[in-house]
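Peer 1: Below are the structure tokens for one structure; questions will follow.
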Amino acid sequence: QVQRPIKIEIICGINLPVADWDNKKADPYIILTVLDQHEKQIWRFDGQPIYCTLNPEFHQEYIIPGCSGTAKIVVTCVDRDTLRDQLMGQCFLPLSNKSNQYEVWDRGGHFRLALDELRYMPKTTSGNEVAMDLGAVDFGSIKPQGEIELRVHSMDRLKNVCGFLITSTPLDEKSVSSSQERRGVNQIQSIRSKKYWCVLADNTL
């Protein structure tokens, strides 16, 4: 199956449930995961929390380096807590419709998705489940409500997809220009490594 990058823009949350009973607010953030056609997690991104609000303005963007039209986007809304984060709700966005046409994957779109009960537990990079207080949902303390507004960009002007750039520090112009070219992919030598997936689109790396 053909894979290509797409960009997910989490715009805002609307009328989210109360999670902090002392101020009747919440500190919501988003865990964005991508599942393949077998519902195996292939990508995960954690957003930044927006504090003391039930209507957070996220405006956070994530580039998914590569996925096919059979993938599914999972948006998990979580309340940031000192001891243990609490689930606020979850919603799904398939990149194909029921007739197996890859409409969202091909064209993108603007969506408002209703939050519902947990159906998929996001995994960490080690494969473990994310730690959060599920008892709050199971026993009625927090009932999922509200919506997440997001936009999908198809990145149809994509020119090329590179592999991983390996580096111990954040990428900058100097480090990229000094990297070695190997098999057509730029790689940066380091002892302690971090992985950066690189996408060349619209003449921007």
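The values are calculated or read from the model by the stated rules, or taken from the named source; none is laboratory data. Note that this is a predicted model, so its numbers are computed, not measured. Backbone-built Cβ (ideal geometry, glycine too); neighbour counts: all protein chains shown. Accessible surface areas use protein heavy atoms only, side chains included; no ligands, DNA or RNA. Shrake-Rupley method; radii C 1.70, N 1.55, O 1.52, S 1.80 Å.
Peer 1: Before we move on, is GLY89 surrounded by 19 or more Cβ atoms within 10 Å (Cβ to Cβ) and in contact with a His (Cβ under 8 Å, 6 or more places away or on another chain)?
Peer 2: Judged against the criteria, GLY89 is not a match.
Peer 1: Continuing with this model, one more query. Scan the stretch 119-161 residue by residue and report those that are at pLDDT below 70, within 20 Å of the chain's Cα centre (by Cα) and of a type in the set (A, V, I, L, M, F, W, C).
Peer 2: Scanning the stretch 119-161 gives LEU158, VAL161.
Residues are listed down the side, and each one gets a yes or a no for (1) in contact (Cβ under 8 Å) with a residue 40 or more places away in the chain; (2) polar (S, T, N, Q); (3) part of a strand (DSSP E or B); (4) surrounded by 13 or more Cβ atoms within 10 Å (Cβ to Cβ):
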| residue | (1), (2), (3), (4) |
| --- | --- |
| VAL2 | yes, no, no, no |
| LYS7 | yes, no, yes, yes |
| GLY13 | yes, no, yes, yes |
| ASN23 | no, yes, no, no |
| ILE30 | yes, no, yes, yes |
| GLU39 | yes, no, no, no |
| ARG44 | yes, no, yes, yes |
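Peer 1: Can you find a residue that is closer than 18 Å to MET132 by Cα, touching a residue at least 24 places away in the same chain (Cβ under 8 Å) and either of a type in the set (D, E, K, R) or not in a strand (DSSP E or B) (or both) anywhere in the stretch 57-78?
Peer 2: Within the stretch 57-78, none of the residues are closer than 18 Å to MET132 by Cα, touching a residue at least 24 places away in the same chain (Cβ under 8 Å) and either of a type in the set (D, E, K, R) or not in a strand (DSSP E or B) (or both).
Peer 1: Please go through the stretch 15-74 and pick out each residue that is basic (Lys, Arg) and at negative phi.
Peer 2: LYS25, LYS40, ARG44, LYS72, listed by residue number.
Peer 1: Would you be able to tell me the number of residues in the stretch 97-132 that are more than 18 Å from VAL75 (Cβ to Cβ) and not in a loop (DSSP other than H, G, I, E, B)?
Peer 2: Looking only at that region, the number is 3.
Peer 1: Is there a residue in the stretch 51-68 that is open to solvent by less than 20 Å² (accessible area, probe 1.4 Å) and of a type in the set (A, V, I, L, M)?
Peer 2: So far as the stretch 51-68 goes, yes, one or more of its residues are open to solvent by less than 20 Å² (accessible area, probe 1.4 Å) and of a type in the set (A, V, I, L, M).
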